[in-house]
Amino acid sequence: MPSTQRLDATDARILLALGRTPRATAVALADELGLSRNTVQSRLARLEQGDALRSAEHRIDPAALGYPLTAFVTVQVRQRLLDEVGRALAAVPEVLQVRGLTGSQDLLVHVVATDADDLYRIAGEMLEIPGVERTNNALVMREMVPYRLTPLLERAARR
């Protein structure tokens with residue numbers, strides 16, 4: 001669920017510095033940015049509580065865990081079972097993320113697999129979920145632009 005928290009330029013500067021040095025302490029961030037330690041600590045706490053600062057799991061490459069294959073699966077769902085399908089997909093370890101969509105497809109599911117046979121197994125698991133009517137798989141051949149927020153944070157820091 002997206003955060004409704006609005007970030008100001010100081011928040012953006014803190015997050016940019018944290019992005020450059022993820023393990024930096026509040027003291028180190030304060031020194032780098034010319035802010036007080038208390039300001040950095042309180043803002044980081046607010047960002048974490050408000051869900052603007054999320055888990056560091058985005059930094060872990062699934063290939064390092066033995067899952068080099070990535071696919072996006074669109075799923076058509078019987079509408080009254082949408083929540084149940086979402087809960088069932090959350091129970092599949094290879095499902096990294098599920099997004100609700102508008103249009104003819106209801107869900108976009110980001111999955112990883114060990115190989116094509118494993119992806120076939122995962123797709124079969126998804127089709128067995130009550131309420132799933134149809135799936136369509138798109139295999140990721142290459143990552144063109146990795147997940148990033150730096151350009152948006154840089155813009156926000158200049159405000």
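Here, each number is a calculation from the coordinates, and none is a lab measurement. Keep in mind that this is a model prediction, so the values were computed, not measured. We place every Cβ from the backbone using ideal geometry, glycine too, and count neighbours over all the protein chains shown.
Observations
- Phi-based couplings in Hz for the stretch 56-71 (Karplus 6.51, -1.76, 1.60; Gly and Pro marked x): 7, 4, 4, 7, 8, 7, x, 4, 5, 9, x, 10, x, 8, 10, 9
- Sequence-separation-based contact order of the chain, relative, with Cα cut under 8 Å and 6+ spacing, percent: 29
- Taking every DSSP helix (H) stretch of at least 4 residues in the chain, weighting each as -39,500 (n - 2.57) and dividing the sum by the residue count yields a mean residue ellipticity at 222 nm of -11500 deg cm²/dmol.
- Relative to the current alpha-carbon distance between Leu96 and Glu143, full extension at 0.36 nm per residue lengthens the span by 15.3 nm.
- Placing a pseudo-label 7 Å from each Cα along the Cα-to-Cβ vector at Ala28 and Leu16 gives an inter-label distance of 1.9 nm.
- With a simple spin-label model that places each label point 7 Å from the Cα along the Cα-to-Cβ direction, the separation between Ser36 and Glu154 comes to 3.2 nm.
- Calculated percent of Cα pairs over 19 Å apart (choose from (i) 59; (ii) 63; (iii) 53), label: (ii)
- Diffusion constant of the stretch 18-100 at 25 °C, which comes from Stokes-Einstein with the Kirkwood Cα-pair radius and 0.890 mPa s, µm²/s: 150
- FRET efficiency, 1/(1 + (r/R0)^6) with R0 41 Å, evaluated for Tyr120 and Arg6 via beta carbons: 0.40
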